[in-house]
Amino acid sequence: MKKQLSTLAAFALLGTALPLSAHAASAAKLAPTPASCPAPVPEATRCYIGEDGSGAFYWIAIPKDWNRGVLVMHAHGGPETGPPKLERSQEDLKRWAITVKAGYAWAGSTYRRGGYGVTMAAEDIERLRQIFVRQFGQPQRTLLHGQSYGAGVAAKAAELYAPADGAKSPYDGLLLTSGVLGGGNSAYDFRLDLRVVYQYVCRNHPRADEPQYPLWMGLPADSRLTRAELAARVKECTGVGMPAAQRTPEQAARLKTILSVVKIEERSLLGHLNWATWLFQDLVQKRLAGRNPFGNIGVVYQGSADDAALNAGVLRYAADPQAKGALAVDSQPTGRTALPTLALHAIDDPTAFVELESAYRRIRDTAGTGGQLVQSFSAEREHSYLSDSEYPALFTALLDWIDKGEKPTPQSLAQRCASLAQRYDTDGKNGCHITPDWQPPTLESRVPVRAP
């Protein structure tokens, strides 16, 4: 009975309304419409826009010289918490214009709704692929590319549509960049840690004279708190948003405690706190029927001036098993995919911890598909986009693995990137930062272990 309840809760999380085949029939009536390509997409590229019949908008770009007939299906990051907008997919196309410059067709969906839902988004990627094939024909090769949260989406799509049982698949390879991998349970635990540690230190989210609520809720459904107002509270408490020299000693000490205990950088504090507020509000109240998937019972926090006082004073919450189960059903990778998989992650990614790659490696090894996963790491400090030359290097290496059986290594990826740098790094700088011998620590070394 518990398993059934978890599955039903997961369907609420996904937002699945109709089987994919039913949506496909509707989508067939909505052919892509030609559109002017945005810069920096190369001239002579054919661009198209549309709506997939399920509520998701999309952009498609096909270069003049369509290299090897390869289609790249792009799963974007986020998730967005507002309604889907065509402009979101356009921004993705502009950011990933390097894909089209390298000669590959590109297609990206907004997903059918805002908010959390990994399996839902994976279904939307597949729906868009079907639209592409109906309109433009079957590509020679189709690659899945997931970025950030979209890496979890692409990993889920690979398991749904390219399982490890040898079934025929419409996809040929998987590329995961800056991935939020390992499932929402483990990937977002630290954001509950951030909420409780921040509240212990600052006591202004919520303030004492405001309605109190469990922090795993994100915000009450009727809250009118804005992002600007939260930023002002963070500035008031920690001085973030003003020059360090202008902060009071008390602000500097509070900031040091938060960053040291949660192990995040100052530049990402407000962003993570936003996610732990509005994304948690969406996830818990709209997708999980008000149940809590995150807990910190027994977690030992370290790094403050007085850890004993901190651990005695932070708010503690127990996760609801049904909520944890539903979130796992929706987002937890099984690792059971037959697709050759390449991954690239910046070592100092401030948003998606590089240690998440260690968790994904364990999942793939446990599933017996670790031999189909090659992970690489770059000496970069960004999350949303790495250097131009690294992406074509990964795409061409993945295709050679598929077509020629030449499994890449981190060393060969670094060499391939260097050979492409002059062509793609138009600013004259060497954009190849792949560090072949580097390996990530475990996720547990950065995020305190939860109780079972």
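Where a number appears in this text, it was derived from the coordinates with a stated rule and is not lab data. It should be emphasised that the depicted structure is a prediction, and the values quoted were computed from it without experimental measurement. Ideal geometry is used to build each Cβ from the backbone, glycine not excepted, and the neighbour counts take in all protein chains shown.
Give me the percent relative contact order of the chain, please, defined on Cα pairs under 8 angstrom at least 6 residues apart.
This gives 16 percent for the chain.
What is the helix-to-structure angle for 2-14, meaning the angle in degrees between its Cα long axis and the longest Cα principal axis of the chain, kept from 0 to 90 and rounded to the nearest 10?
70
Run the dipole for the chain about the Cα centre, Lys and Arg Cβ at +1, Asp and Glu Cβ at -1, nothing else charged, and hand back the magnitude in debye, nearest 20.
720
Using per-residue counts of other Cβ atoms within 10 Å, averaged over each peptide, order 389-397, 93-101, 258-266 from highest down.
Answer by packing, highest mean first, reads 389-397, 93-101, 258-266.
Rounded, prolate or oblate: which fits the stretch 185-311, taking a ≥ b ≥ c as square roots of the Cα gyration tensor eigenvalues, rounded meaning a/c under 1.5, else prolate when a/b beats b/c?
It comes out oblate by the Cα gyration axes.
If amide hydrogens are placed 1.01 Å from N in the peptide plane, which non-local residues have theirs closer than 5 Å to the one on VAL72?
ALA105, TRP106, ALA107, LEU143
How large are Rg and Dmax for the stretch 378-426 when calculated on the C-alpha trace, in angstrom?
Using the Cα atoms of the stretch 378-426, the pair Rg, Dmax is 11.3, 33 Å.
Under 5 Å between amide H atoms, partner at least 5 residues away or on a different chain: which partners does VAL354 have, H built in plane at 1.01 Å?
Long-range HN contacts for VAL354: ASP349.
Taking the DSSP beta bridges in the chain as the whole, what percent of them are antiparallel, to the nearest 5?
40
Computed FRET efficiency, Cβ-Cβ of GLU91 and ALA312, R0 45 Å: what is it to the nearest 0.05?
About 0.50, to the nearest 0.05.
Sorted by packing (mean other beta-carbon atoms within 10 Å per residue), highest first, where do 35-44, 415-424 land?
For the peptides 35-44, 415-424, the packing ranking is 415-424, 35-44.
Return the subset of LYS263/LYS286; LYS64/LYS101; LYS94/LYS286; LYS64/LYS94; LYS156/LYS324; LYS85/LYS156 for which the Cα-Cα distance in this structure is over 21 Å, preserving the input order.
LYS263/LYS286; LYS94/LYS286; LYS85/LYS156
Short version: ³J(HN,Hα) in whole Hz for each residue of the stretch 276-289, in order, from phi by Karplus 6.51 cos²θ - 1.76 cosθ + 1.60 (θ = phi - 60°), x for Gly and Pro, what are they?
Working through the residues one at a time gives 6, 10, 7, 5, 4, 4, 5, 4, 6, 8, 9, 10, 10, 6 Hz.
Through the Karplus equation 6.51 cos²θ - 1.76 cosθ + 1.60, θ set to phi - 60°, convert the phi angles of the stretch 431-439 into ³J(HN,Hα) values in whole Hz; use x for Gly and Pro.
Going residue by residue, I get x, 8, 10, 5, 10, x, 8, 7, 10 Hz, with x marking Gly and Pro.
At a 10 Å Cβ-Cβ cut-off, how would you order ARG134, ARG207, fewest neighbours first?
Placing the least packed residue first, the sequence is ARG207, ARG134.
So what is Rg over Rh here for the chain, counting just Cα atoms and using Kirkwood for Rh?
Answer for the chain: 0.97.
Between 0 and 90 degrees, rounded to the nearest ten: what's the tilt of helix 356-367 against the longest Cα principal axis of the chain?
Helix 356-367 sits roughly 60 degrees off the main axis of the chain.
Excluding residues fewer than 8 places away in the same chain, name every one of the aspartates and glutamates whose C-alpha is closer than 20 Å to that of LYS235.
ASP193, ASP209, GLU210, GLU250, GLU265, GLU266
Which angle between 0 and 90 degrees, to the nearest 10, do you get for helix 321-331 versus the longest principal axis of the chain when only C-alpha atoms count?
30
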